[in-house]
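Before any comments, here is the structure.
The values are calculated or read from the model by the stated rules, or taken from the named source; none is laboratory data. This structure is a prediction, so every number in the text was calculated from the model and none was measured. A quick note on method: Cβ atoms are made from the backbone with ideal geometry, for glycine too, and the neighbour counts reach across all protein chains shown. Side chains included, ligands, DNA and RNA excluded: accessible areas come from the protein's heavy atoms. Shrake-Rupley method; radii C 1.70, N 1.55, O 1.52, S 1.80 Å.
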Amino acid sequence: MNPPRVLLVGNYPPDRQQSMLRFGDLMLRELRQRGLVATLIYPESHFIGNRSSASGLGKWLGYADKLLRFPALLRRAAQDHDVVHIVDHSNASYCHHLTGKPLVVTCHDLLAVRSALGEFPENHTRWSGRQLQNMVLKGLRAAPLVACVSRATQADVQRIAGLAPERTALVANGLNHPYHPLPRSAVIAALTTLGIPSDQPYLLHVGGNHWYKNRPGVLRIMGALRRLRDHDNMHLIMIGEPLDATLTAIAQAENLTNHLHTRSNVDNDLLNALYCGATGLIFPSLHEGFGWPIIEAQAAGCPAFIANRPPLPEVAGADAVHFDPLNPVHAAEVISKALSQREALIAAGFANAAKFTTSAMIDGYIDLYQRARQ
């Protein structure tokens, strides 16, 4: 069987789902490097113009771009390709427009679907959101093959979408950037560029303000850690969205104001340097589909301190340090104790991150493309 011509269906740029946009670009680049004919298509911002798609009129105009205008363009593009790969399950509703076409969908997590189903009462989903997630779920149920980025996500897909095991496959994410150890001079240069003191130890957190990222927990764990002996000079760097009013209040209550640095839109090279200079990555997410920052940190020689919630231990490896993300005092004690074994954790992290190669990920998808065509 000849190598398939692959149509990748990416995400709507105005939605600013940066990790998914990077994943689409990664798939396009890597498939082409393997010699496959690959094309990336995504809904264009025709109706929305320069508006934000986050809320109000922009949200509804975004729906018009994605759900009304794009399907016809997708059907035409699919005619010239052997396999269609929807790279983010949030676009699974397009499956209904591709009936009979060899098709693969990547499911990164079902957190939004689970919220819409009421599995997370702390994260209320509005009526419009419930309708959208119902469309996503129906699309997944129609998908011939669903690639899942972790065993935890695979279990959710089988349980919630009701897919038989043979219609799902585990294809773990690979690194989307070649994170690696850097000299101290590169770390100092990066910190200076970002306006952050370069002579103080720091923990690093990477993630947005989504409820499951548990940024309040990050701040409370950091406050508890700084109250322990020998850690009162520890700083915290948070990469992601600016803190909102609630998070700012927590930071003030934890006396972190002078030890907290938040930065947005940090590129991969700067982030690589931040990982290299960090005492450790603190990652107390309540839920994840995979947890990319864990293997990014490990590949750069930064120990990862993670929540004991699936799939984080699965991704971080057997030697990872984990804790209850809802118990800041205990989490701080676990991190403090683990710091005495930092070098061993770094070595174990290198070995674990080496398992998550982009090459292995692409091998997995090429196998699925062949299965889809059979």
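Overview of values
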| quantity | calculated |
| --- | --- |
| Lysines with Cα under 19 Å of Lys66, excluding same-chain neighbours fewer than 8 positions away | Lys138 |
| Carbon + sulfur, % of accessible area of the chain - ligands and nucleic acids excluded, 1.4 Å | 51 percent |
| Relative contact order (%) - criterion: Cα under 8 Å, at least six apart; region: the chain | 15 percent |
| Environment charge of Phe305, counting only residues whose C-beta is closer than 11 Å and scoring Lys/Arg +1, Asp/Glu -1 | +2 |
| Debye, to nearest 20: dipole size of the range 307-368, +1 on Lys, Arg Cβ, -1 on Asp, Glu Cβ | 160 debye |
| Max mean-square fluctuation residue, GNM over the chain, Cα-Cα springs under 10 Å, options Thr279, Thr262, Thr168 | Thr262 |
| Rg in Å to one decimal, and Dmax rounded to a whole Å, for the chain via C-alpha atoms | 21.2, 65 |
| P(r) weight above 24 Å for the range 14-162, C-alpha pairs, percent | 34 percent |
| Per residue solvent-accessible surface (Å²) - the range 127-205, probe of 1.4 Å | 44 Å² |
| Label-point gap, in nm, between His46 and Lys59 - each point 7 angstrom along Cα→Cβ | 2.3 nm |
| At R0 = 51 Å, FRET efficiency that the Cβ-Cβ distance of Asp199 and Gln131 yields, to 0.05 | 0.45 |
| Solvent-accessible heavy-atom area per residue, rounded to whole Å², over the range 1-44 at 1.4 Å | 52 Å² |
| Angle between the chain longest axis and helix 328-338 axis [Cα atoms, degrees, rounded to 10] | 80 degrees |
| Listed peptides 18-26, 104-112 by packing density, highest first (mean Cβ within 10 Å) | 104-112, 18-26 |
| Set of aspartates and glutamates near Lys355 by C-alpha distance (under 15 Å), chain-local residues within fewer than 8 positions excluded | Glu296, Glu314, Asp319, Asp363 |
| Total formal charge among the other residues, if their Cβ is under 10 angstrom from that of Tyr94, Lys/Arg +1 and Asp/Glu -1 | +2 |
| Hits among aspartates and glutamates - C-alpha to C-alpha of Lys59 under 13 Å, sequence gap 8 or more where chains match | Asp15 |
| Rounded to 10°, Cα long-axis angle of helix 268-277 versus longest principal axis of the chain | 30 degrees |
| Fully extended contour minus Cα-Cα distance, from Ala249 to Ser264, at 0.36 nm per residue | 3.5 nm |
| Helix-derived mean residue ellipticity, 222 nm - over the chain, DSSP H n ≥ 4, -39500 (n - 2.57), to 500 | -12000 deg cm²/dmol |
| Descending Cα extents along the principal axes, the range 255-374, whole Å | 60, 28, 26 |
| Cut-off 18 Å (backbone N to label point 7 Å along Cα→Cβ of Leu68), residues of the range 83-100 | 94 |
| Radius 14 Å from Cβ of Ala64, net charge of other residues (Lys, Arg +1; Asp, Glu -1) | +1 |
| Relative contact order computed over the range 39-113 (Cα-Cα under 8 Å; 6+ residues apart), in percent | 24 percent |
| On Cα atoms only, tilt of 215-226 relative to the major axis of the chain in degrees | 20 degrees |
